[in-house]
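This report concerns only the one structure given below.
The values are calculated or read from the model by the stated rules, or taken from the named source; none is laboratory data. Just so it is clear, the model here is predicted, and its values are computed rather than measured. As a convention, Cβ positions derive from the backbone with ideal geometry for all residues, glycine included, and neighbour counts pool all protein chains shown. Each accessible area value is taken on the protein alone, full model and side chains, heavy atoms only, with ligands, DNA and RNA left out. Shrake-Rupley method; radii C 1.70, N 1.55, O 1.52, S 1.80 Å.
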Amino acid sequence: MSNNVNITINGKTFQVPEGMNLIEAAELCGIHIPNLCYIKGMRGIGACRLCLVEIEGQKGPVIACTTKVKDGMVVKTETDEIRDIRKFVIDLIVSMHPLDCMTCTKAGVCRLQDYAYGFEIKESSFTRKRFGFSPDEANPFIKRDPDYCILCGRCVRICKAQGTNVLEFMGRGVGAKVTTAADRPLQESGCTFCGSCIDVCPVNAILEADRWRKGREWDYERVNSTCLLCGGACDIVVSTMDGRVMKINAGAPEASHERYICAYGRFGYDAIESHGRIRTPMLRIDGELREVSWEEALRHVAELLKKAGKDTGFITTGSILNEDALMFKNFASKVVKTKNIDSTVSLYGDRDTLLSPVAQIDEADLIITAGINPSQWTRALASIDAIIRKKVKGGAKLIVISSEDIPLSGIAHVKLTGNEVGFLKAITKALIDKGLSKDKALTKLTEDAQVTEAILKASELIEASKAPLILSSPSLYGAAANLSLIKGKAVSVSLEANAKGVILMGLVPSGLSIKDMAKGGLRVLYVVGDVPINMRPNVETLIYQGTYMTDLARSADVVLPVASYLETSGTIVDYLGRLKKVTKAIDTDMPSHRDVFRHIAKLMKAELKLPKEAEIKRLVKLPSKNKPSAFEKKEGMDIDARRFIESINAPIINNSRLLWLKEAGVMV
């Protein structure tokens, strides 16, 4: 941890962490230093010259975002000279910026507008300049309008930091602009449409393509929640107005490497109001699905389950909330009294391979990937790919262990391609040989390992690191966990947002597995959520409970609509083992999964109590440490992450603007 130092700002003395830049140090003290180009958590570049301050002993003003605090430093952030310089900078920028604040979408949250207001600048004292750049609005996600750009470089920097490298400066001087290679549209430039540029743009130069006339920023109600569309389980901020979702932005803290969401999480909300949404319960009558009342549908389901009893199978996903998962398990096992209960989580992991100790990725100074292939371009655990790239850009080291070359290999400090188990074993042996462990069990397990020059380099990086973190596929978790017994932590990376929570709530197979049930043979199969099953299994009766009309739902005998993840509240356990909240952003007439189970149970003369927060927290107990285990790769757990994630999100993709990615050939 950093030592604190004493600094004086505007005549007041404060204690701040040593080595912090002046902008962040002043912020800690409740003092705002104006800036336009600085991104919290990233190295300052001093491009806008707005954050100039005076430091005692210095000949002239210095840039706050690139200046580190020192003990005894005396700083003035507000002097006549500093104010004149800042006013000159804003005055010059305003001379090149459209003055349509009355109708501008960014009004109210525009930093340029705020600073112009503070300096009482209504119109620039310089000759106005108009460049007439053409906007890029050929895609349904992001609109870029260079005429509004203030050349702060924030979008360029965030794009480079996360490794997508789409945006860059073109030209020099006042006529420069931010654009793509050869000034081509975003969809022809390798853009993933994550929208990180939207989150950092301080003006109206980059925003959501459909943002115009969707309300003013001060009209919005904002809810902090969690995205459930993949194993990244990213923090999001949902902006709503008049009961509708208007936009979604990244919600992690500004300085966090986790501040990212992909196109799925940012733009998939369209599906909520789509024609593909199931609005009323349906029963198959005379060979056709027909709308019926809730009472009729639930009574029919209750009778079916009473008759089928143990010959009923229940399947759900690893994306349902803890509260729904616990209710699901209790409903199936205690009310219907069947053992045939499983989730999609068992397709790629189980209790032994998925439950790992709690970890913090922001604290890691070395990341080791083992058997995973996160990618922003294929949207397979895109956030993990972005986090790793941002951390490496910020100075962290990276070791990539994989069976074949993957995109992350290109930025790795050590790349080990081939026998993943052999590499993990060899690194463990090298660390033991260095004296970092005297564990007899580990020593015996690694006796036959071959230590090469690359292995030695990897072991040296681990030895030098303070907080190494291993991100492993479930199939390799046992081997990766052995390495963490010597130093650092190992995390099993799940493909679904609440895979770990689903297991902790007790949703583990004790009867037929999901693969067995998908083959058919049951009297009743009850499917909850968007499972990657398109064809109807050979069962007497199929019940589908979900949000969207999928191919499986169309083949069902009973269809029960439920709320989407933006319309319900609860908790999940993310891939790092953290208990996270999912908060309802908008109201709906649709019930939650747990509400449906409870009503059916009541019709079956049973009572199910809604899970309480204390009960969920009691069940969320992850192992604090690992024990030595065999160096092996678990069979049957490696699936194509990209196809799986795309499959479970197919209803959202097909019912939102995300479908354009497929139609335009942008989705890899």
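State whether the residues of segment 614-624 include one that is within 29 Å of residue 222 (Cβ to Cβ), in contact with a Pro (Cβ under 7 Å, 6 or more places away or on another chain) and open to solvent by 30 Å² or more (accessible area, probe 1.4 Å).
No, segment 614-624 contains no residue that is within 29 Å of residue 222 (Cβ to Cβ), in contact with a Pro (Cβ under 7 Å, 6 or more places away or on another chain) and open to solvent by 30 Å² or more (accessible area, probe 1.4 Å).
When the criteria are applied in full, residue 455 fails the requirement of being within 28 Å of residue 416 (Cα to Cα) and not in a helix (DSSP H, G or I).
Is there a residue being buried (at least 16 other Cβ atoms within 10 Å of the Cβ), within 22 Å of the chain's Cα centre (by Cα) and acidic (Asp, Glu) anywhere in segment 227-237? Yes, segment 227-237 has at least one match.
Among the listed residues 76, 40, 68, 12, which satisfies the condition of being in contact with a helix residue (DSSP H, G or I) (Cβ under 9 Å, 6 or more places away or on another chain), of a type outside the set (Gly, Ala, Ser) and over 25 Å from residue 116 (Cβ atoms)?
On the way: 76 fails: over 25 Å from residue 116 (Cβ atoms); 40 fails: over 25 Å from residue 116 (Cβ atoms); 12 fails: in contact with a helix residue (DSSP H, G or I) (Cβ under 9 Å, 6 or more places away or on another chain).
Sole residue among the options that is in contact with a helix residue (DSSP H, G or I) (Cβ under 9 Å, 6 or more places away or on another chain), of a type outside the set (Gly, Ala, Ser) and over 25 Å from residue 116 (Cβ atoms): 68.
The strands (runs of 3 or more DSSP E) found wholly in segment 243-313 and carrying at least 2 residues that are open to solvent by 80 Å² or more (accessible area, probe 1.4 Å) occupy 288-291. Specify the residue that is farthest from residue 471 (Cα to Cα); the eligible residues are those in segment 578-591 that are assigned to a loop (DSSP other than H, G, I, E, B) and open to solvent by less than 30 Å² (accessible area, probe 1.4 Å). Out of the qualifying residues, it is 591.
Here residue 575 fits the description: hydroxyl-bearing (Ser, Thr, Tyr), farther than 16 Å from residue 335 by Cα, in contact with a helix residue (DSSP H, G or I) (Cβ under 9 Å, 6 or more places away or on another chain) and not in a helix (DSSP H, G or I).
Pairs are defined by a Cβ separation below 8 Å, a sequence spacing of at least 6 or placement on different chains, a first member in segment 77-103 that is within 14 Å of residue 147 (Cβ to Cβ), and a second member that is outside any loop (DSSP other than H, G, I, E, B) and of a type in the set (A, V, I, L, M, F, W, C); the pairs so defined are 93/112; 94/112; 94/116; 96/174; 97/112.
Selection of segment 476-511 for residues being surrounded by fewer than 24 Cβ atoms within 10 Å (Cβ to Cβ), within 30 Å of residue 338 (Cα to Cα) and of a type in the set (Ser, Thr, Tyr) yields only 510. The residues in segment 154-177 that are surrounded by 14 or more Cβ atoms within 10 Å (Cβ to Cβ) and at pLDDT below 95 can be counted, and the count is 3.
When you look at residue 552, is it free of Cβ contacts under 8 Å to residues at least 60 places away in the same chain, in contact with a Gly (Cβ under 9 Å, 6 or more places away or on another chain) and outside any strand (DSSP E or B), yes or no?
Values: free of Cβ contacts under 8 Å to residues at least 60 places away in the same chain: yes; in contact with a Gly (Cβ under 9 Å, 6 or more places away or on another chain): yes; outside any strand (DSSP E or B): yes.
Yes: the conditions hold for residue 552.
Summed over segment 268-304, the residues that are touching a residue at least 40 places away in the same chain (Cβ under 8 Å) and closer than 30 Å to residue 237 by Cβ give a count of 11.
Identification of helices (runs of 4 or more DSSP H) wholly contained in segment 333-437 with 1 or more residues that are under 19 Å from the mean Cα position of the chain (by Cα) and surrounded by fewer than 21 Cβ atoms within 10 Å (Cβ to Cβ) yields 382-393.
Open to solvent by 40 Å² or more (accessible area, probe 1.4 Å), free of Cβ contacts under 8 Å to residues at least 60 places away in the same chain, at negative phi and over 24 Å from the mean Cα position of the chain (by Cα): is that true of residue 602 in this structure?
Numbers: open to solvent by 40 Å² or more (accessible area, probe 1.4 Å): yes; free of Cβ contacts under 8 Å to residues at least 60 places away in the same chain: yes; at negative phi: yes; over 24 Å from the mean Cα position of the chain (by Cα): yes.
Yes.
Among the residues of segment 85-104, not a single one is crowded, with 18+ Cβ neighbours inside 10 Å, over 23 Å from residue 203 (Cβ atoms) and aliphatic (A, V, I, L, M).
Which residues, taken from segment 42-72, are closer than 27 Å to residue 390 by Cβ, part of a loop (DSSP other than H, G, I, E, B) and open to solvent by less than 50 Å² (accessible area, probe 1.4 Å)? Within segment 42-72, 42, 44, 46, 48, 50, 51, 67, 69 meet the criteria. Just checking, does segment 516-530 include any residue being in a loop (DSSP other than H, G, I, E, B) and under 28 Å from the mean Cα position of the chain (by Cα)? Yes, that holds for at least one residue.
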